[in-house]
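See structure below.
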Amino acid sequence: MVSFFRRKKPDPSPPASSERRYSAEELAAAFPDARRSETMPASSDPGTTASAPTAPAQLAPFEVSAASPAIPSEIIAAAMDVEPFVSAPAGAELLPAPAAQLQVENATTQDKPAAAPGKPGWRERLRGSGFARSLGGLFSRNPKLDDDLLDEIETALLTADVGVAATTQLLEALRRRMKSREFADAQALLGALRAELLAMLAPVAVPLRIDPEAKPFVLLTVGVNGVGKTTTIGKLARRFKDENRSLMLAAGDTFRAAAVAQLQAWGDRNGVPVIAQGENALGKGGDAASVAFDALQAAKARGTDVLIADTAGRLHTQQGLMAELGKIKRVLVKVDPRAPHEVLMVIDGTTGQNALSQLRQFHAAVGVTGLVVTKLDGTAKGGVVFALAREFGIPIRFAGIGERPEDLRVFDAEAFVDALLPGTLGA
Ligand SMILES: Nc1nc2c(ncn2[C@@H]2O[C@H](COP(=O)(O)OP(=O)(O)OP(=O)(O)O)[C@@H](O)[C@H]2O)c(=O)[nH]1
Ligand SMILES: [Mg+2]
């Protein structure tokens, strides 16, 4: 399948001019609308407490719409950390891939996300994961039904970062059932393991439902640096557009000029307006809370269905930055008491057990209502999904199993578990 962007391959040769990074000035030159107005003051301190939002009066918001000038593909690639698709002519308007190629699942249905014909599915994507490989290897040897097998399953679960608590819970159940001679052979044990894993995930496999009464339905995305927040927003934008929802994005990552450009690129690809503010003297794009405020007012005035706000990545240990998230939330509430309708925390599936302390801190700061676990393709640590489910019970809305728009899947416990386990179950 042809995709517009593909991942940068490591290249030992010196960077060619088309691959070089762009400075904030060059990005600003590419997006003339994004230039700071002469009258713009510096942004307010993100750590200050929320009062009535003052920023709309301080910083003129600007909207980067689909009608904005075509952005050179190299600049978009630099902002998005991907290389432009070779056949996309530089300077050409970036169009979404044909809908027939995308076959994105409907987020509002419980459809089993089995692979559509010709499209790699969960099993294909997760096959390379350490978890799937170790369990697959275990059962491909036709093991004997004994304590050693249980020990090996335990090791596989721990290695995959399922965590001590969740692994102990799973193994205790299996040991008990083995003692009472419930299993005729190793395959029966594998079947029981599948059922236990599913039981752990089923309560959190709750898809995101967009309340049609909320105009707009506000999604606030949060998470530590580099977990895939902006990419997930881009993928969600494609999904919601395919569902014929009107959409707006808020460039709430005001820490880096390139972050605005990255979101803008996703907006342009999907024909979705992006609300942002100009850079201040420090090269920062205004105050995140006031960007969110402006965007919500704009979306409300237009009767937009969904507003997705990006935020800067922050370490869960950075108290000032965590407090800023609370401020964003409080400012949104001033415009709509029910906003944000979803606080979507994006978690990098390769993080392992650290994801637990991340979620604990973000949940305390901003009240997480849903999770997206990204980068589950190819990680040895995907087992953290079970630990998260067991410890928090917060719905896992989506799973990221690749970098392309169609690689954001509605989280399906059965598809996930079956992708990790050997196919011999015939499940
Ligand atoms: N393999 C894989 N890569 C992903 C997935 N989701 C995101 N990525 C990649 O992760 C990298 C970081 O993604 P971003 O969306 O920029 O992450 P972010 O959380 O917005 O980063 P900051 O804004 O810097 O905090 C990019 O190279 C993405 O392509 C996924 O599901 N699988
Ligand atoms: Mg980002």
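The Stokes-Einstein estimate for the range 316-385, based on a Kirkwood radius over Cα pairs and taken at 25 °C with 0.890 mPa s viscosity, is a diffusion coefficient of 188 µm²/s. With each label modelled as a point 7 angstrom along the Cα→C-beta vector, the Arg330-Glu172 pair spans 4.2 nm.
A simple packing score, the average count of other Cβ atoms within 10 Å per residue, orders the peptides 381-389, 292-300, 316-324 as 381-389, 292-300, 316-324, with the highest score first. Close amide H contacts of Leu247 (hydrogens built in the peptide plane, cut-off under 5 Å, sequence separation of 5 or more or a different chain): Asp305, Val306.
With just the Cα atoms defining each centre, how far is the range 368-401 from the range 294-320? Give it in Å. When both Cα centres are located, 22 Å separates them.
Peptides 204-213, 253-262 ranked from most to least packed by the mean count of surrounding Cβ atoms within 10 Å: 253-262, 204-213. When Rg and the Kirkwood radius Rh are both evaluated on Cα atoms of the range 184-286, their ratio Rg/Rh stands at 1.19.
Checking the table Lys215/Lys235; Lys229/Lys327; Lys241/Lys381; Lys329/Lys381; Lys215/Lys329; Lys215/Lys327 against a 26 Å threshold on Cα-Cα, which pairs fail? All intermediate terms of the calculation are to be shown ahead of the outcome.
Numbers: Lys215/Lys235 21 Å; Lys229/Lys327 19 Å; Lys241/Lys381 32 Å; Lys329/Lys381 31 Å; Lys215/Lys329 17 Å; Lys215/Lys327 21 Å.
Among Lys215/Lys235; Lys229/Lys327; Lys241/Lys381; Lys329/Lys381; Lys215/Lys329; Lys215/Lys327, the Cα-Cα distance tops 26 Å for Lys241/Lys381; Lys329/Lys381.
Using r as the Cβ-Cβ distance of Leu198 and Glu243, and R0 as 30 Å, what FRET efficiency do you calculate, to the nearest 0.05? Mind showing how you got there, number by number?
Values: r = 28 Å, r/R0 = 0.92.
With a Förster radius of 30 Å, E is 0.60.
Note on Arg302 and Ala323: with the Förster distance fixed at 41 Å, the Cβ-Cβ geometry gives a FRET efficiency of about 0.85. Computed over the range 305-421, the alpha-carbon pair-distance distribution with 10 angstrom bins reads 12, 44, 33, 11, 1, each value a whole percent. Placing R0 at 41 angstrom, the Cβ-Cβ distance between Lys215 and Asp151 gives a FRET efficiency of 0.15 after rounding to 0.05.
Just so you know, all these numbers are worked out from the coordinates, no wet-lab data involved. Remember, predicted model here, so these are calculated numbers, not experimental data. Positions of Cβ are backbone-derived with ideal geometry, glycine not excepted, and every protein chain shown enters the neighbour counts.
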